[in-house]
C-alpha cells in the first residue's frame, strides 16, 4: 500500500497552520525594530548632511540643534533667508557659495532624510495601533514604544507574560547585568529599556530603582492579562503607579 | 586715532577668503562619505525589510540574494506573481496572509530603501564628475570611488600628493598597521582601500602585495600631477600597470 498521500496531507496541513500562525506580536517586533533602524539610518545621514551643508551655510546649522527642524527648514528656505533668521549678514557668513550643481546632492540628501523621518512617524502610528489591539495593558503601563521593545526583547508576548517582574525590570540591560555577574563590584543595573519611561526620567535619581521595580511589577501583570486576552485595566494600573510615584 | 576699521577690514577680508576657499576636494570628501553612509543606512534597513517580508513571502525572499533586485521586484509585483516566478504554489507557501493594513508599512519601507539606492547612484555620478574635474589622474588609476576614498583618508588632494607611495598603499588599513606595530608577529597589511581595486581582486593571492605596491606608486604620481594641475596621463599610467600585472 502507498501511504505517501498521508504524508502529503500532513505536510500540507502543517504549512496551512504556519500560514495562519503569524501573530500580531511578530508584527510588533518587526515594526519596533524597523523604527529603531530608521532612527539609526536617519542619524547617520543627518550627521553627514550637517557636515556637508556647513561648507555652504555654517551659521544656520550651528544655530539649530534639532535635526528634524534643521532638515525641514533648509528644504523650505534658501540661504539668504536662513541667514536673516539667525541675523548674520551675507557678507559676514563664512559659508562658501555653492553652484546649483554642487548644491543639488546636498538637498537630495536632505530630502531623503526628511522622507525617513516621515516614514518613522507613520510606522510609530502603526505600532501604536498594533499595541492597542494586542497588548493594550502593556502599552498603557510602559507606553507603546517601550512596551513593544519589551515584547521584542522577550521574544514574544507569551515570553513577556511568562517572565518574572525582576527580569522585565532589567530587559535591555543585559550587558550591565553580565558585567555585574562577572565582577560583583559592578552594581547590578536598575533598569534596561524602562529607563526611557517618563515616570523614571521625571524622578530624582535615588527613586529610579524603586520606580523601575514598580513599573516592572505592573508590566508583568499587564502582559499576563494581554496574553490571556483579559479585559483592559491598564489605566487603573497606571493610575496606581502615578499616585505612588508622582 | 581709531584703528578699529582696519581690524574690521581685515576680518571681512578673511571671511571673504574663507567663502571662496571651498575646494573641490572638500566636496569629493563629502560625497564619498555620503555614499558610504547611504550604503550603510540602506543595508541596515534592507535586512529589516527581508525579515519582515519573510513573514509574508519567505520563498521569494530566500530565492533572491541581490538586495537591490529584491526591493525593486517586491515593489513591482504582487505575492502570487512572485511565487509563480519561483515555482511555488500558493498553497505550498509558508508565508502568512497579510491584510492591506499590515502590508503597507512593509511596502513603505521597501519604497524608502529604493529611494536610498537611487540617491546613491546619483551621488556616485556626481562624485565621478568631481573626480574627473579635480583628480582625473587619480581616478584613472584607482577608480573614482576608491580614488575619492584615498583623498578622504589623506584629508585632501594636497595630503595625498605629499604622501609617500608606501603610505598610500596601506591607507584605510590603519588598524592592521597598528596591530603590526604593537606586535611584530602580526604581518603588516598589504593594502587598505586599494583592496577593492579590480586589478587586485582579479589577481592571485600571492600577487596581491606586488600589485598593491604598483598601484600605490602610480597613484602617488597621479595625485602629484592632479594637485599641480598637470596634464592627463592617467590612461598611460593605467596601461603600464595593466600590461605589467594582467
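The values are calculated or read from the model by the stated rules, or taken from the named source; none is laboratory data. Here the structure is a predicted model, which means the values were calculated and not measured. Neighbour counts are summed over all protein chains in view; Cβ atoms, including those assigned to glycine, are modelled from backbone coordinates with ideal geometry.
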- line: Only unsatisfied item for residue B:125, checking (1) loosely packed, with under 14 Cβ neighbours inside 10 Å; (2) more than 32 Å from the chain's Cα centre (by Cα), is (2)
task: May I ask you to verify whether residue A:187 is assigned to a helix (DSSP H, G or I), outside the structural domain of residue A:126 (by TED's automatic domain parsing) and modelled with pLDDT under 95?
output: no
- prompt: Has region B:156-166 got any residue that is over 30 Å from residue A:14 (Cα atoms) and within 14 Å of another protein chain (Cβ to nearest Cβ)?
  reply: yes
task: Name every residue in region A:16-69 that is more than 30 Å from residue A:155 (Cβ to Cβ) and not in a helix (DSSP H, G or I), in order of residue number.
output: A:54, A:55, A:56, A:57, A:64, A:65, A:66
query: Restricted to region B:92-104, and to residues that are within 7 Å of chain A (Cβ to nearest Cβ) and within 14 Å of residue A:26 (Cα to Cα), which residue is modelled with the highest pLDDT?
result: B:102
Test: residue in region B:197-207 that is closer than 13 Å to residue B:167 by Cα and either surrounded by fewer than 20 Cβ atoms within 10 Å (Cβ to Cβ) or assigned by TED's automatic domain parsing to the domain that holds residue B:142 (or both): no
task: Being facing chain A (nearest Cβ under 8 Å), surrounded by fewer than 20 Cβ atoms within 10 Å (Cβ to Cβ), at pLDDT below 85 and within 35 Å of the chain's Cα centre (by Cα) narrows it down to one of B:44, B:18, so name that one.
output: B:18
- prompt: Here are some conditions: (1) touching a helix residue (DSSP H, G or I) at 6+ places or on another chain (Cβ under 8 Å); (2) farther than 30 Å from residue A:139 by Cβ. Residue A:10 meets all but one. Which one does it not meet?
  reply: (1)
query: Counting only residues that are within 7 Å of chain B (Cβ to nearest Cβ) and in contact (Cβ under 8 Å) with a residue 12 or more places away in the chain, which one in region A:106-126 is farthest from residue A:56 (Cα to Cα)?
result: A:126
- request: Kindly indicate whether any position in region A:130-140 is closer than 24 Å to residue A:37 by Cβ and surrounded by fewer than 20 Cβ atoms within 10 Å (Cβ to Cβ).
  value: yes
- prompt: Which of the residues belonging to region B:190-219 are free of Cβ contacts under 8 Å to residues at least 24 places away in the same chain, farther than 17 Å from residue B:149 by Cα and assigned to a helix (DSSP H, G or I)?
  reply: B:201, B:205, B:206, B:208, B:209
message: If a residue must be under 22 Å from residue A:119 (Cβ atoms) and either touching a residue at least 40 places away in the same chain (Cβ under 8 Å) or within 11 Å of chain B (Cβ to nearest Cβ) (or both), how many such residues does region A:54-66 contain?
response: 0
- prompt: Right, residue A:73: at pLDDT 95 or above, within 9 Å of chain B (Cβ to nearest Cβ), touching a helix residue (DSSP H, G or I) at 6+ places or on another chain (Cβ under 9 Å) and in a helix (DSSP H, G or I) or not?
  reply: no
